[in-house]
């Protein structure tokens, strides 16, 4: 019997038992839907990460720090709750004790071969911040503008990747503008005043004794109290809340040289003077980034943490893979259920059609063709389930993609769900194969039925 005739007959047999066929196909459809969504989500997220890193982070950049790694924060809750030994030369940031870099270490890093330049970044903690035209004082985060990370502008103009803002300029995140209840464009060219308080420096004993012996209480208080100084900036841009941005919402961003000036005022003659939270290295060529990282790791008696755009991509891809694995597990459970459903359905079909099988064999249909008939029926079930499940996933994904992109603030029409026709086709073929394997034992039973005994069955 021709293969095409067997396939057609298998389709007709299933059409005669529509209810059972639909119910059996639904289990496969659930697995197909989940797997299709998982593949689309994985492709979309990888594309998003790739594009975000390429457009926002200079691939020639290497971030260097000491002490706590970013991954350690996520993996170890004890960092926040347990007591930690104090280490000289460290600073507290976001509830964590971070070992800082000193000036000599920065100079050592600068001398490494293929290092084009290096910028060391300090931690700034202002007392309060004032915005022109707003009669309130705010507690705001202040960070150094990193030219290696692009901050898309909601209003105003931000320098291109690799260029620093001017000393009198400041970038305000859109999140702050929302709190100020002002339009982003209305904040451009407005003045921002940031007040810092100098740290208590070591007091000269002679100075203190002179003040005490003078009996002038005001002199003593003035000598021991912290001093304040206000620094003024002009808003050059409001950074955009964007899913494609990595640094736009870190706080008020100011010029590095201006930050060093502030640090001189705040930390002069203190333990924390000229100590840096991190350093950013720019390689002369992207191909030399790995060489610089290796050289940093080989510095004797020092332990540095390094991060590159490539490493960030790998870390994020690992997270995506974990998410996909979890989704695939759920899809696998649905497919396992569908396998047992197919086996059960096929066995029932064999029992119900015993006399029909006997008649087909009596009319000359071979055992091989009988087995093929039931396997093709299983393949049809796999095909229908895969087609319905994948088709529904594509339809739903197409409908929700714009909403997801808007919620994540993705730009340039980027989608978080990317459906690949090739992968969907391979998925459906794979599900057909699973269905054929599931129908193997029932088909084997059908092919071995004795035609005389089968014809006697009513």
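Could you grab me the full set of residues in the range 43-84 that are modelled with pLDDT under 65 and touching a strand residue (DSSP E or B) at 6+ places or on another chain (Cβ under 8 Å)?
67, 68, 69, 70, 73, 79, 80, 84
The rows are residues; the columns are (1) in contact with a helix residue (DSSP H, G or I) (Cβ under 7 Å, 6 or more places away or on another chain); (2) modelled with pLDDT under 80; (3) under 18 Å from residue 380 (Cβ atoms); (4) exposed (fewer than 14 other Cβ atoms within 10 Å of the Cβ).
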| position | (1), (2), (3), (4) |
| --- | --- |
| 319 | no, no, no, yes |
| 331 | yes, yes, no, no |
| 347 | yes, yes, yes, no |
| 364 | no, yes, no, yes |
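Assess whether residue 150 counts as being more than 26 Å from residue 136 (Cβ to Cβ), in the same structural domain as residue 261 (by TED's automatic domain parsing), in contact with a helix residue (DSSP H, G or I) (Cβ under 6 Å, 6 or more places away or on another chain) and in contact (Cβ under 8 Å) with a residue 12 or more places away in the chain.
yes
Scanning the range 266-318 for residues that are free of Cβ contacts under 8 Å to residues at least 40 places away in the same chain and assigned to a helix (DSSP H, G or I), which turns out farthest from residue 111 (Cα to Cα)?
318
Do we have any residue at all in the range 233-244 that's part of a loop (DSSP other than H, G, I, E, B) and modelled with pLDDT of 65 or more?
yes
Could you list all residues from the range 292-317 that are modelled with pLDDT of 80 or more and out of contact with any strand residue (DSSP E or B) (no Cβ under 8 Å at 6 or more places or on another chain)?
294, 295, 298, 299, 303, 310, 311, 314, 317
Only one of (1) at pLDDT 90 or above; (2) closer than 28 Å to residue 269 by Cα is not met by residue 186, so which one is it?
Among (1) at pLDDT 90 or above; (2) closer than 28 Å to residue 269 by Cα, the lone unmet condition for residue 186 is (2).
Just give me the residues in the range 100-116 being within 23 Å of residue 271 (Cβ to Cβ) and touching a residue at least 12 places away in the same chain (Cβ under 8 Å), in sequence order.
100, 101, 102, 103, 105, 106, 108, 109
The values are calculated or read from the model by the stated rules, or taken from the named source; none is laboratory data. Just so you know, these numbers come straight off a predicted model, no measurement behind them. Counting neighbours? That spans all protein chains shown, and the Cβs are built from the backbone with ideal geometry, glycine included.
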